[in-house]
Amino acid sequence: MKKLRIPKTELRSFILTLIATLAGVFIAISLTNSGIRKKEKEDTIKLLNTSKLILINTKAYSQGLKRTVEKREKDTTSSIEIISQMKKDNPIPFPHLLETVVTNEIVSKNISRYSHSQIYAGLLNLKKLADYRTAETYDQALTELIFLMDLEIQYQKGKLDVDEIENEMNAKREELKKLKTNKNILEISSE
């Protein structure tokens, strides 16, 4: 066989075309990945806002139930049986949808490790506290989670880092502890 000879100009042109094509492919992949990450961040923020709304609605509903029961308990015409039946028929709500949102792949993948563990610890506390006897502490646990959602949204927007989330959360917990009247309730912590 004879040796194949390619003129230098054609070889140079081929190599430059190959390099330009590869560079274009890498830029296209990079832009696509960047767009996907941006979309995931936006979706995560939407789901966190939904989680916050779930918590706010759960808190408002549980506070309304608590007030109604307290009114009935003060009313001398209401019997203990009626109040007990009312509590049985209208239990303190648990935000089941929050569990669904947090286990969503996009949220799980994008939220900070600190918030992820705190949300699960908060959900465990809420399950344990969803009772009329612990309604005040339940309300405070909901308040903590609402605040955490706000902090995580700020983190997703790039306005906070993980250490700032943790510091803000610890400060909020201290503030809420000062307001707590029922100190006999053990809460789960992820620390």
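The values are calculated or read from the model by the stated rules, or taken from the named source; none is laboratory data. Being a predicted model, the structure only gives us computed values, none of them experimental. Protein only, heavy atoms only, side chains kept; ligands, DNA and RNA dropped before computing areas. Shrake-Rupley method; radii C 1.70, N 1.55, O 1.52, S 1.80 Å.
Among 137, 76, 103, which one moves the most in a GNM of the chain with springs linking Cα atoms closer than 10 Å?
76
Over all alpha-carbon pairs in the range 16-62, figure out the percentage whose distance exceeds 11 Å.
Counting every Cα pair in the range 16-62, those more than 11 Å apart make up 72 percent.
Considering only C-alpha atoms, what is the centroid distance from the range 75-130 to the range 45-63, in Å?
11
Could you sort 72, 173, 37, 133 by their accessible area in this structure, using a 1.4 Å probe and putting the largest first?
Most to least solvent-accessible, the answer reads 133, 37, 72, 173.
Normalising by the residue count of the range 45-191, find the relative contact order in percent from Cα pairs under 8 Å and 6+ residues apart.
31
Calculate the all-directions average of the projected area of the chain's alpha-carbon convex hull, and give it in nm².
Spelled out: convex hull of the Cα atoms, projected over all directions, averaged, 18.1 nm².
For every helix of n ≥ 4 consecutive DSSP H residues, a contribution of -39,500 (n - 2.57) applies; sum these over the chain, divide by its total residues, and give [θ] at 222 nm rounded to the nearest 500 deg cm²/dmol.
That comes out to -26500 deg cm²/dmol.
Under 10 Å, Cα contacts only: if you run a Gaussian network model on the chain, which one of 107, 25, 162 comes out with the highest mean-square fluctuation?
25
Per-residue HN-Hα couplings for the range 110-121, Karplus 6.51 cos²θ - 1.76 cosθ + 1.60 at θ = phi - 60°, whole Hz, x for Gly and Pro?
9, 6, 5, 4, 4, 5, 4, 5, 5, 5, 5, 5
To the nearest 10 Å², what's residue 26's accessible area with a 1.4 Å probe?
Only protein atoms counted, so the area is about 140 Å².
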